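Right, one structure below, let's go through it.
Nothing in this text is a laboratory measurement; each read-out follows from the coordinates by a stated rule. Bear in mind that the values here come from a model prediction, so they are computed numbers and not experimental data. Here the Cβ positions follow ideal geometry from the backbone for every residue, glycine too, while neighbour counts run over all protein chains shown.
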Amino acid sequence: MGIYSVIGKNLTEVRESLFSGKSGIIFDPHRKDLGFRSALTGMVDRPVLKGVLDRRMRVGLPVQGEYAYIATLEALNTAGLDQSYLDSNEVGILYGNDSSAVPVVESVDILREKKDTMMIGSGYIFQSMNSTVSMNLSVIFRLKGVNFTLSGACASGSHAIGIGYLLIKQGLQDIIICGGAQEINPESMASFDALNAFSTRESDPARASRPFDRDRDGLVPSGGASTIILESYESAIKRGAKIYGEVIGYGFSSNGEHISMPNVEGPVRAMQKAIKDAGIPSSQIDYINAHATSTPLGDSNEAKSIITVFGADHPLISSTKSMTGHEMWMGGASEVVYSTIMMNHSFVAPNINLDNPDDSTASLNIATKTTPAEIRSFLSNSFGFGGTNSSLIIRKV
């Protein structure tokens, strides 16, 4: 695993933030100057790649690709995979990404100002495509296996892991680099801000993201990148690899209704499919990392869907988005990393800022403080625009 997150630039920093309930949300004055309704955002420093990565490789890499490169370096290191292994074996990449706004905006600005396409640098085309992360990383690491991008809104990173799991399960690949990346910039979030979907609790950024709380007033956008190396059990054992967990269930569905308003039935079907695929009773799931983004309808409907699937005896639940904000295309992958860290260190991170549950969420078993817990397996939910739903179940090995 590897992570470049607003709550930590590596696995160690992230584990400490999860355990202490540390928020990565800030107020960005530049967004206010631009006319944003909400200037709240997750924030992480842009990595310095000069001297780390050859300039020829940096030219086509957008900022979310830079995040993904750093996360993938850590993931390869923790997996014990070096470049010589990648050169001599068929390793694939499936990354979740659903936008690359800045290079699109900048290249069009140049065109309109200069009236000459020759003034647009050659790197912009590779930075601007939705497949930019998998495209660039496959070249940087000289990968020879499957290579494409999963574009499924805020479930993109989760679907990337799910499809990777299916390909390995079918014997089509032994190792796949999976993950999700999300750019952090005003350009990518301006139209989202126009939907009035963001929290305006600007006086207290760290308390703005409030999943399941009665007084939640919207999500907080965020980003970064997360990489998970998926490998067949036989291959991992043969290499003597450190195994953090086993993907045992993947469920998916489409709501088939409103393009932006979530429902209850779609998430129910995704969770039920994941549990059926895992072949375990729901009672063996000890933790749910909820999608809960801090929106009134979304959190309420997810609470109802969890109760529908698990009944009154549901496991510990928290939404790490209370600390990270909504990491969009990255979130489905990063939340698997966050939950796997908890599973391997026997705790559940708190759902911070939950002061007053509403009627829909009051009956959930939500961890409001760091809670010691032996996690045998966990379920991670990711839902997105267009009614796309993904649920993953990971088991301790």
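Below is a table of values for the structure above.
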{"quantity": "The chain: most fluctuating residue of His291, His314, His345 per GNM, C-alpha cutoff 10 Å", "calculated": "His345"}
{"quantity": "Whole-angstrom gap from region 305-376 to region 172-207, using each part's C-alpha centre", "calculated": "19 Å"}
{"quantity": "Rounded to 5, percent antiparallel among DSSP beta bridges of region 167-305", "calculated": "90 percent"}
{"quantity": "Debye, to nearest 20: dipole size of the chain, +1 on Lys, Arg Cβ, -1 on Asp, Glu Cβ", "calculated": "540 debye"}
{"quantity": "Unsatisfied cross-links (Cα-Cα over 30 Å) in the set Lys369/Lys396; Lys321/Lys396; Lys144/Lys321; Lys242/Lys304; Lys22/Lys304", "calculated": "Lys144/Lys321; Lys242/Lys304"}
{"quantity": "Top of Ala208, Ala75, Ala312 by mean-square fluctuation, Gaussian network on the chain, Cα under 10 Å", "calculated": "Ala312"}
{"quantity": "Where labels lie 7 Å past Cα in the beta-carbon direction, separation of Val108 and Asp82 in nm", "calculated": "4.6 nm"}
{"quantity": "Within region 143-241, trypsin sites (Lys or Arg not before Pro) in DSSP loop having at most 16 other beta-carbon neighbours inside 10 Å", "calculated": "Lys144, Arg214"}
{"quantity": "Bridge type composition, the chain - antiparallel percent by DSSP, nearest 5", "calculated": "65 percent"}
{"quantity": "At R0 = 22 Å, FRET efficiency that the Cβ-Cβ distance of Phe385 and Glu202 yields, to 0.05", "calculated": "0.35"}
{"quantity": "Nearest-0.05 FRET efficiency for Gln170 and Lys115, computed from C-beta distance (R0 41 Å)", "calculated": "0.20"}
{"quantity": "Calculated FRET efficiency for the pair Phe27/Leu195, C-beta based, R₀ 22 Å, to 0.05", "calculated": "0.65"}
{"quantity": "Residue with peak Gaussian network fluctuation, the chain [Cα springs, cutoff 10 Å], from Glu231, Glu66, Glu90", "calculated": "Glu90"}
